[in-house]
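Heads up, the thing below is written out as structure tokens.
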Amino acid sequence: MLRVTDLHPAAHTIRLGKRPHPIPLDPAFWAMLERCLVHRAAWPTANPRVAVTKGTKAGRSPASTDRLSDVLDDCGYPPRTIRRTRLVESNTMDPELVVAAFGMGRQGTLIYLADHVDPGRETCLEITARGLLPIMPLLMLDLDNTLVDRDAAFRDAATAFLAEHRLPGTDLTWVMTVDASGYTARHDVAAAMIDRYRGMVPATAIHALLDHGAADRVVLTAFSREALDKARAGGWTCVIVTNGRTAQQEAKIRHTGLDQLVQGWVISETVGRKKPESAIFLAAADAVGVPLTGAWVIGDSPHADIEGARTLGLRSVWVSNGQPWAQDSYQPTHVAEDVATAIDYVISASR
């Protein structure tokens, strides 16, 4: 029985038994799970299961099969039939039929690997090996100053902050320098600003600037949106890999509509690893159920993004934002002026 911790809402995947990869769910199945979670939220319960009933809310046991059968009576299908058609039979059927019937991407069928396969049939994995069912590789994208212009958003927020509190406009340069494109730890920026504006600005206003200023102002350009649409239409799996605090980074993703344009995201605070550590890129691949083989990394940071890609042997595009490349010990695969151009390059280079 599914537990709440088995669900990955950002990627619309679940952990299922001993399967080695997360299982992607189609919109209808995910909508059903969301209804279960809404129902569960109405009960004061510590039961870890997704489906909770009056009889199980006080404990930790799953709902009985009989109870689930009763719930499904109106639709005319028992749990066994739904389990079989949705999950178990997918890799004994023709993979093209699976793609069409379940609305899946071609690479998604590879994740449905059953414990026992009819030896007389080819699996999706075997058909892929013959080149008939290609895996579209993973496209991992940085967020700040790559997909969105975080510095411009923070500069606008800082300008408004200085004007609101009647502080010198010339302080903008100092604020931006202390912030260092978001690389200075938030608590250090807060401490510096509180010390500088002591007695002039309440600490709560400074914290509000740092928590919401950039997140409320970031925008996604039309060119970047079109490039992401093009990548997805071409079968690419797009996932955001970003350092930062979960609440702030997710606010940017949702505010710009990126949550509707990518298949998932991982944030350093959530996974406990920061770029350029390999673990965060591995977590990104795991979140969307796609292997790192053939993956690309796009980002503006030579250290966090390009060095991270190099460590894993991945190809990369550095988004220069008009700056020259200054590293001697390693190089990106390609340099692009902006993220839209970078995405277009990756798509064309992989044809």
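Hey, among the residues in segment 292-311 that are under 25 Å from Leu25 (Cα atoms) and more than 16 Å from the chain's Cα centre (by Cα), which one's surrounded by the most Cβ atoms within 10 Å (Cβ to Cβ)?
The residue in question is Gly294.
Given the criterion of a type in the set (Val, Ile, Thr), under 20 Å from Asp144 (Cα atoms) and either touching a residue at least 24 places away in the same chain (Cβ under 8 Å) or not assigned by TED's automatic domain parsing to the domain that holds Arg225 (or both), identify the matching residue among Val346, Val335, Val288.
Unique residue meeting the criteria: Val346.
Go through the residues of segment 268-283 one by one and say whether even a single one is crowded, with 23+ Cβ neighbours inside 10 Å, modelled with pLDDT of 95 or more and not in a loop (DSSP other than H, G, I, E, B).
No, the conditions are met nowhere in segment 268-283.
List, please: which pairs have Cβ atoms under 8 Å, are six or more places apart or on different chains, and start with a residue in segment 291-313 that is basic (Lys, Arg) and end with one that is part of a loop (DSSP other than H, G, I, E, B)?
From segment 291-313, the pairs are Arg310/Tyr330.
Looking at segment 302-317, is at least one residue of a type in the set (Lys, Arg), at pLDDT 90 or above and not in a loop (DSSP other than H, G, I, E, B)?
yes
Which of the numbered conditions does Arg225 fail, given that it passes all the others? Conditions: (1) in contact (Cβ under 8 Å) with a residue 40 or more places away in the chain; (2) closer than 20 Å to Val319 by Cα; (3) not hydroxyl-bearing (Ser, Thr, Tyr).
The number of the failed condition is (1).
Report yes if Gly289 is surrounded by fewer than 22 Cβ atoms within 10 Å (Cβ to Cβ), at positive phi and modelled with pLDDT under 95, otherwise no.
no
I'm trying to understand the selection: among the residues of segment 49-65, which are in contact with a Phe, Trp or Tyr (Cβ under 9 Å, 6 or more places away or on another chain) and among the hydroxyl-bearing types (Ser, Thr, Tyr)?
Across segment 49-65, the qualifying residue is only Thr53.
Identify, please: which residue in segment 196-253 is hydroxyl-bearing (Ser, Thr, Tyr) and in a helix (DSSP H, G or I) and is, among those, farthest from Ala284 (Cα to Cα)?
Thr204
How about segment 175-209: which of its residues are within 25 Å of Pro302 (Cβ to Cβ) and hydrophobic (A, V, I, L, M, F, W, C)?
Matches in segment 175-209: Val175, Met176, Val178, Ala180, Ala185, Val189.
Tell me which residues, restricted to segment 327-351, are part of a loop (DSSP other than H, G, I, E, B) and crowded, with 18+ Cβ neighbours inside 10 Å.
Pro332, Asp338
The values are calculated or read from the model by the stated rules, or taken from the named source; none is laboratory data. Predicted model, so just to flag it, every value in this text is computed and none were measured. All Cβ positions, even for glycine, are placed from backbone atoms using ideal geometry, and neighbour counts span all protein chains on display.
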